[in-house]
Amino acid sequence: MGIVEILLLAVSLSMDAFAVALCKGLALKKINLKSCMIVGLWFGSFQGLMPLIGYLLGSTFADKITSIDHWIAFALLAIIGGNMIKESFDKDEECLDDSLGFKTMIVMAIATSIDALAAGVALKCGGVELWPSVICIGVITFSLSALGVKIGNMGGAKYKSKAEFAGGAILIILGLKIMLEHTLFS
C-alpha cells in the first residue's frame, strides 16, 4: 500500500467517527472549539490506537498466516466495508445525547474504532508500515471528527449515511486491491 491507499484507508475508517460526530454536533445546543477538540481527540486517539493493537496481534500470528494473509486482509476489509454500507441504509436515527463526559465518550470512541482493530490486522497482512499508517489514521480521524461536530451542529445529518456508504465502498476496494496484488502479481 502506498501513501494514497493509506490516506484512503484512514478516511474510510474515520467515516464511522465522522457520522457519530455529526450526530453529536446535532445534539449539542452550542458548540465551541473545545467541544470539537474533545470529540476529535477521543475519536482520533482510539482510531489510531486500535490499528496499532490489531497490527501487533497480526504480528504475533504472522508466521502462521503468511500464505493466506492477503485473503485475511481482503475478508476483514470487505466485512468492515460491507457492514458500513449496510449501516448507511439503516433508517433508525440514533441521535446521541449532548454529553462530552468520560463515560459517554469512551463508549462512542471504542464503538467507532472496533473496525480499525480489524484493519490493523489487515495492515500487517498487507505488509504496510505501522507508524505512518497509525499516525495518518489518528490525525485524519481527529480532523474529520472535529469538523463533523461543527457540520452536525449546522444541520449535517443528511451527510451521515453518505459518509458511511463511501467509507465502506473504499474499504472493500482496498481489500480487493490487496488480494489481487498478492494473487495476480506475485
Quick check: anything in segment 65-79 within 17 Å of residue 138 (Cα to Cα) and open to solvent by less than 30 Å² (accessible area, probe 1.4 Å)? no
For segment 129-144, which residues satisfy the criterion of being under 12 Å from residue 11 (Cβ atoms) and of a type outside the set (A, V, I, L, M)? 136, 141, 143
Residue count, segment 27-78 (criterion: among the β-branched types (Val, Ile, Thr) and within 13 Å of the chain's Cα centre (by Cα)): 0
All conditions in (1) open to solvent by less than 30 Å² (accessible area, probe 1.4 Å); (2) under 18 Å from the mean Cα position of the chain (by Cα); (3) over 16 Å from residue 167 (Cα atoms) are true of residue 17 except (3)
Filter segment 141-167 for residues that are open to solvent by less than 30 Å² (accessible area, probe 1.4 Å) and modelled with pLDDT of 95 or more; the one that is nearest to the chain's Cα centre (by Cα) is 141
Just checking, how many residues over segment 81-118 are surrounded by fewer than 14 Cβ atoms within 10 Å (Cβ to Cβ) and either of a type in the set (Lys, Arg) or modelled with pLDDT under 80 (or both)? 9
By residue number, the members of segment 125-140 that are open to solvent by 10 Å² or more (accessible area, probe 1.4 Å) and more than 16 Å from residue 47 (Cα to Cα) are 126, 127, 129
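The values are calculated or read from the model by the stated rules, or taken from the named source; none is laboratory data. What you are looking at is a predicted structure, and each value in this text was computed from that prediction instead of being measured. For neighbour counting, all protein chains shown are included, and Cβ atoms are generated from backbone atoms with ideal geometry for every residue, glycine included. The area values use the complete protein model at the heavy-atom level, side chains included, leaving out ligands, DNA and RNA. Shrake-Rupley method; radii C 1.70, N 1.55, O 1.52, S 1.80 Å.
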